[in-house]
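Participant: Mind looking over this structure? Questions follow.
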């Protein structure tokens, strides 16, 4: 592992308190003990601050998060998390064993490609009035697949007994599920893991209820 | 890199000729020179062979691909590709430099989380009659973001001059775009990269028109 001079500048996270993908990156920074600055992008205010030309230059996908780090700008939370893992000291976010790494990535991608994209703001805006039912359908579909997989891979956490990128993806997805009134109690392994993870400081300090841009009525 | 005894058994790819995520895995195997067996799962026939209890046990998400490899079963194509890369000799599918790796993952995830999931069969089946318009909208939205990113990162291929996982994601997504009648000519960098990549044997032998389950009328 090699730390270049650029690492001395604090990374900047362009995110939104309630965005599950922004939360993933906040958890990764917290687990690694990396200090960073937050520049909030309000996805609702002014018709969506992610739609400005200024933000589009930073992330052409017009989504959060985008992270300025070591002289480059990265979007896509899993790419950011793995970059942090590969360039910063601290606890590994992906296990050393290739099979366990693959399981961590499988679970992360099941959430990041199979569930979350279907509740993305720009998707549910297109769905319109049925967005609650739509989101519930696809979260339930995803959790029905995730539950038996986690039953096989989980120990104390999603894959074995070490916290990994899979856990970083799970907790914000459960938070989303609760926002969309999915009964998480139907998925005992997901529920147990989520509760265990929420006991950990890195998941608490990064929580949507405790961010600089959290509105007062949602603040913990 | 350590090859265990289980590596001596050929991996089994459960896929579908036209699935863009199955094609990604076929390209990775071809680039690495890994021999594998294919067990086709017809997503249309019999109401969808991915919906059987037998297949659900293999991949609870009821999607292709699923890969049996080294004694474990993996789903999620990017997890499979990175596992192949980390355990098999042959050309790297992710560059050695952490920043370039992060850019490869960013582009891969932009496609795998930001574009492809919205054309997944189980999603467009729910969209119904408007599925063509829906798919075009989200592919265009994604390509509008991908084009300026690739303009910055690309050399001969998506990131610099070496083939990577980003290229493995790009070509099947362009194939999908063409199926949904998106005018790819609007995106000159995407078009150029796709054409260059389709010249390469690994992209040709893995093409949907040349698989064991390709119907005769679609065979090249």
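Participant: Using a 10 Å cut-off around each Cβ of peptide A:103-109, what is the average number of partner chain Cβ atoms that fall inside?
Facilitator: What the average comes to for A:103-109 is 6.
Participant: Rounded, prolate or oblate: pick one for the protein assembly as shown, where a ≥ b ≥ c are the square roots of the eigenvalues of its C-alpha gyration tensor, a/c under 1.5 means rounded, and failing that, prolate if a/b is larger than b/c, else oblate.
Facilitator: It comes out rounded by the Cα gyration axes.
Participant: Sticking with this one: Shortest first and in nm to one decimal, what separations exist between residue B:52 and its copies in the other chains, measuring from label points 7 Å along the Cα-to-beta-carbon line?
Facilitator: Ordered by distance, the counterparts are at 5.5 nm.
Participant: Can you tell me what share of the DSSP beta bridges in chain A is antiparallel? A percent to the nearest 5 is fine. Intermediate values should be presented prior to the final figure.
Facilitator: Values: 7 of 12 bridges.
Antiparallel: roughly 60 percent of the beta bridges in chain A.
Participant: Could you please state, rounded to a whole Å, how far the C-alpha centre of the range B:111-176 is from the C-alpha centre of the range B:28-49?
Facilitator: Result: 21 Å between the Cα centres.
Participant: Between copies, how close do the residue B:72 label points come, placed 7 Å along Cα→Cβ, listed in nm from shortest?
Facilitator: 2.6
Participant: Given only helices, namely DSSP H runs of n ≥ 4 each adding -39500 (n - 2.57), what is the per-residue ellipticity at 222 nm of chain A, to the nearest 500 deg cm²/dmol?
Facilitator: For chain A, the value works out to -15000 deg cm²/dmol.
Participant: What are the nm distances, shortest first, from residue B:10 to its equivalents in the other copies, labels at 7 Å along Cα→Cβ?
Facilitator: 5.6
Participant: Over the Cα atoms, compute the radius of gyration (one decimal) and Dmax (the largest Cα-Cα distance, rounded to a whole number) for chain A, in Å.
Facilitator: 16.9, 50
Participant: A further question on this structure: How many partner chain Cβ atoms sit within 10 Å of a residue's Cβ in peptide A:79-87, on average, as a whole number?
Facilitator: 5
Participant: Turning to a different aspect of this structure: How do the peptides B:110-122, B:61-73, A:122-134 rank, highest first, by the average count of neighbouring beta carbon atoms within 10 Å per residue?
Facilitator: Put in order of decreasing packing, that is B:110-122, B:61-73, A:122-134.
Participant: Which percentage, to the nearest 5, of the DSSP beta bridges contained in the protein assembly as shown is antiparallel?
Facilitator: If I count the DSSP bridges inside the protein assembly as shown, around 60 percent turn out antiparallel.
Participant: Can I ask one more? I want to check the label-to-label distance for residue B:92 and residue B:10. Put each point 7 Å from Cα in the C-beta direction and report it in nm to one decimal.
Facilitator: Result: 3.0 nm between the two label points.
Read the figures in this text as sums done on the coordinates, not as results from a lab. None of the values given here were measured: they were computed from a predicted structure. Glycine also receives a Cβ, built like all others from the backbone with ideal geometry; neighbour counts cover every protein chain displayed.
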